[in-house]
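In what follows, a structure is listed as structure tokens, so that the remarks can point back to it.
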Amino acid sequence: ATQLNLMRSETFIQQAGEQMLGDYPKFCGESETSACVNDLLNTLKLSQVVEDKTETRIFEAAFNASDPVTVQAFLETLGEVYLDYNENQQDQRLEKGLALVNQQIEEVQTNLSVSRQALQSFREVENLINPEQEALAVANSLRQTEQAKAEVDNQLLEVQAQYGALQGQLSADPQTALVSSRLSQSSRYQSLLNTLQETELALDQRLALYTQADPGVQDLVYQREGQIALGGFDLELASSLVQAEVNLKSLAARQTGLAQATQQLQAKLNAFPDLIAEYDRIQPEVAIQEEALTKLLQLRQELSNEIAQGGFSWDIVESPQAGQKISPQPMQNILLGVIAGCFVGGALAFGREAM
């Protein structure tokens, strides 16, 4: 019903009439355009084809005029107008149907660009890729550092006990005390202890971030062993007290380094909750925008296919025919007049006879 009423639109009839005037200037006779359109509307008949009491989607157009060639030409022109409209209508539906989706795609792409830029800025400023993974790594390093510090604390207690025992033995040996005093005042000995302490500190800080397989860690371990060996060579004449003092200061340096590393790791770990909260705010926005963009692109493809296949698809099922002359028919009219006259005359005669 919608298509039938659309085909009866005055716009189509007017377009067909204007095209006919180009080839047939006397198509409308002396009538004006508006009057001609009204005449065409009155003489054009559009009906839905019925097959076995079932209404089909085929429509039949019939047109009455005095010239059979004009009738056929007008119906052909009207068919072309219908087909042109159908083609334009498909293009308009495609354009209007996709306009909103394209607008949404542009908005999502803009929002996605902003979200990605925010995520990139966050990673550059904080020097982090994934705060959650980084927090786990820092927590693991902190746990290992605390374990190492506990081990050093225990070793330091043992060395302190050993050092106290050696000090008790030293009081009974003046010669050993003199050697210890000289070594304690030696600048080379003090320099060795300071260097060893710096090496221990650097090693502890490195171990807080890397494993034993790290080349930097291995270099520091090799350097510390060399310093301890050098100290042992220079202290060959010293007593066990001097060696205990070296170990004591070495462990104290490691203890200090581990304590500093623990504080740094703890401070870094304390900053992660805010960083994770900021990351959780930015990163989902990127994921949501990417998912929305993917769905919109898929929707646009599906909508394009649906629009291209949908709507009215108008085709000329049968070409217009020249038609048959239905009036005037003089011979048929005379015969009908004779037959009717006979009936009327007979009826009048019968009536008169009856009266």
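The values are calculated or read from the model by the stated rules, or taken from the named source; none is laboratory data. The structure displayed is predicted, hence computed values, not measured ones. Positions of Cβ are backbone-derived with ideal geometry, glycine not excepted, and every protein chain shown enters the neighbour counts. The protein model used for the area step is the full one, side chains on, heavy atoms only, and it has no ligands, DNA or RNA in it. Shrake-Rupley method; radii C 1.70, N 1.55, O 1.52, S 1.80 Å.
The figures follow:
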quantity	calculated
Residues (aliphatic (A, V, I, L, M) and under 14 Å from ARG254 (Cβ atoms)) located in segment 194-216	LEU196, LEU201, ALA202, LEU203, LEU207, ALA208
Restricting segment 64-116 to residues that are over 23 Å from the mean Cα position of the chain (by Cα) and among the β-branched types (Val, Ile, Thr), the residue that is nearest to TYR279 (Cα to Cα)	VAL81
Filtered residue count, segment 40-59, keeping only those that are under 15 Å from PHE74 (Cα atoms) and either under 49 Å from the mean Cα position of the chain (by Cα) or buried (at least 16 other Cβ atoms within 10 Å of the Cβ) (or both)	2
Unmet requirement for TYR279, which otherwise passes all of (1) under 30 Å from ARG123 (Cα atoms); (2) at pLDDT below 70	(2)
Number of the condition not met by TYR24 [criteria: (1) of a type outside the set (S, T, N, Q); (2) touching a residue at least 60 places away in the same chain (Cβ under 8 Å); (3) under 26 Å from SER327 (Cβ atoms)]	(2)
Lone unmet requirement of (1) farther than 29 Å from VAL37 by Cα; (2) open to solvent by 70 Å² or more (accessible area, probe 1.4 Å) for ALA99	(2)
When residues of segment 1-28 are limited to those that are small (Gly, Ala, Ser) and touching a Ser or Thr at 6+ places or on another chain (Cβ under 9 Å), the one modelled with the lowest pLDDT	GLY17
Residue pairs meeting the criteria (Cβ under 9 Å; at least 6 apart or on separate chains; first in contact (Cβ under 8 Å) with a residue 40 or more places away in the chain, in segment 207-221; second open to solvent by 80 Å² or more (accessible area, probe 1.4 Å) and among the small types (Gly, Ala, Ser))	none
Selected residue (only one of LEU220, LEU241 is at pLDDT below 75, surrounded by 12 or more Cβ atoms within 10 Å (Cβ to Cβ) and part of a helix (DSSP H, G or I))	LEU241
All positions within segment 60-81 that are more than 15 Å from GLN15 (Cβ to Cβ) and open to solvent by 50 Å² or more (accessible area, probe 1.4 Å)	GLU60, ASN64, ALA65, SER66, ASP67, PRO68, VAL69, GLN72
Check on VAL49, touching a strand residue (DSSP E or B) at 6+ places or on another chain (Cβ under 6 Å), assigned to a helix (DSSP H, G or I) and within 18 Å of PRO320 (Cα to Cα)	no
From MET20, MET7, residue being surrounded by 16 or more Cβ atoms within 10 Å (Cβ to Cβ), within 14 Å of TRP314 (Cβ to Cβ) and out of contact with any Pro (no Cβ under 6 Å at 6 or more places or on another chain)	MET7
Residues of segment 195-217 satisfying the condition of being under 16 Å from ALA139 (Cα atoms), open to solvent by 50 Å² or more (accessible area, probe 1.4 Å) and part of a loop (DSSP other than H, G, I, E, B)	LEU209, TYR210, THR211
